[in-house]
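Here is the structure we will look at, set down as structure tokens.
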């Protein structure tokens, strides 16, 4: 039995070819695309301007990815919502809605699990199961938009998984998300995070997209990065920073550095000095994140004074830096925590 086609992962051009292969006129593609990405229906039967015969063909040949909302946690502190979605194969993924003055921002997952092994992250503890399809990535946004009845204006690919480890599906997702025939979210309102897979960072740079690249840096030296992030065994810290410089050269987009502050590990005065030296002269922004403690690791947050002191040292060196406002701390805010709880870990 042949595998059914994931119709929601197709762009409009691919859908036109596919409709013709099904023996239909190519204009049907635009109608189907509109139902999938504008009206965001969850079944072919809802596509009311299609013939019964075409709906039958679609049911026989295609799968329409529609994620099932398994659980939602809502923060009493700031209204942040954490979603657990059930996939067709029984796996679960997390997404987070953060409400800001400037609009609704959704953080999506790009994989089920992760193989990167960063020491402070709950998402990676059970390894990688698989990458998400473009349709599974975009439907996280559709489902959350439907749930709150409001437009999503910003998207960050910073949930479970390493986006650069699911590169082709990531590119297709970006195309669907920013297409004027769908949600039409501006590329400038999309941030993609990576732990530093250099060849893919360079390949992304060469696509000259207008998205923001965020590097999970988390250390100021190669030695410390090795302690926290196994990816540093493959890509040395200066090589990763060079890839970030290249990204800016190719796209003109300022790079963000994510830096999780772990008490006594990477939050010292020397760390701040070394970090400033490492990224000197770059058009960049540093996002300091007091680490989210997870029970499987002994890492603890620095006290507020240490965080401020670190920020001040970077500012004195002329580096653009902010401390990330913690959202949803009362609802397993850190990546991967809700999914692990659901799986009984």
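Values quoted throughout were computed directly from the atomic coordinates according to the rules given, and no laboratory measurement underlies them. Computed from a prediction, not measured in an experiment: that's the story for all the values here. Glycine also receives a Cβ, built like all others from the backbone with ideal geometry; neighbour counts cover every protein chain displayed.
Spacing of the modelled spin labels on residue 300 and residue 234, each 7 Å from Cα toward Cβ, amounts to 3.4 nm.
Counted over the chain, the DSSP beta bridges are approximately 45% antiparallel. Taking 0.890 mPa s as the viscosity and 25 °C as the temperature, the Stokes-Einstein diffusion coefficient of segment 5-63 based on its alpha-carbon Kirkwood radius rounds to 219 µm²/s.
Across 14, 203, 94, mean-square fluctuation computed from a Gaussian network of the chain (C-alpha pairs under 10 Å connected) peaks at 14.
Hey, with R₀ at 30 Å, roughly what FRET efficiency would residue 148 and residue 48 work out to, going by the Cβ-Cβ distance, to 0.05? Result of the calculation: an efficiency of 0.75. Exposure proxy ranking for 141, 74, 93, 289, based on other Cβ atoms within 10 angstrom of each Cβ and starting from the fewest, stands as 74, 289, 141, 93.
For segment 98-160, the calculated P(r) over all alpha carbon pairs, in 5 Å bins from 0 to the bin holding the longest distance, is 4, 17, 24, 20, 15, 13, 7, 1 percent.
What number does segment 232-273 give for Rg over Rh if you use C-alpha atoms and the Kirkwood radius? Don't jump to the answer; show the numbers that get you there.
Numbers: Rg = 13.0 Å, Rh = 12.2 Å.
Here Rg/Rh amounts to 1.06.
The C-alpha atoms of the chain define a longest principal axis, and helix 134-148 lies at about 90 degrees to it. Spacing of the modelled spin labels on residue 115 and residue 187, each 7 Å from Cα toward Cβ, amounts to 2.9 nm.
Where only DSSP H runs of four or more residues are counted, the chain gives -10500 deg cm²/dmol as its mean residue ellipticity at 222 nm, each run worth -39500 (n - 2.57). Between rounded, prolate and oblate, where does segment 126-216 land on the alpha carbon gyration tensor, with a ≥ b ≥ c its root eigenvalues, rounded for a/c under 1.5, else prolate if a/b exceeds b/c? It is oblate, given that a/c is not under 1.5 and a/b is not larger than b/c.
Considering segment 230-304, its Cα convex hull presents a mean projected area of 6.1 nm². With all projection directions averaged, the alpha carbon convex hull of the chain covers 18.0 nm².
Tell me the relative contact order for the chain as a rounded percent, counting alpha carbon contacts under 8 Å between residues six or more apart. Walk me through the numbers on the way to the answer.
Working: 641 pairs, mean separation 50.8, N = 345.
Relative contact order here is 15 percent.
Compared with the dominant principal axis of the Cα atoms in the chain, helix 52-61 is inclined by about 50°.
For 37, 184, 285, 218, what's the fewest-to-most ordering of other Cβ within 10 Å of each Cβ? Could you put the intermediate results ahead of the total?
Working: 37 22, 184 11, 285 16, 218 27.
The fewest-first ordering by Cβ neighbours comes to 184, 285, 37, 218.
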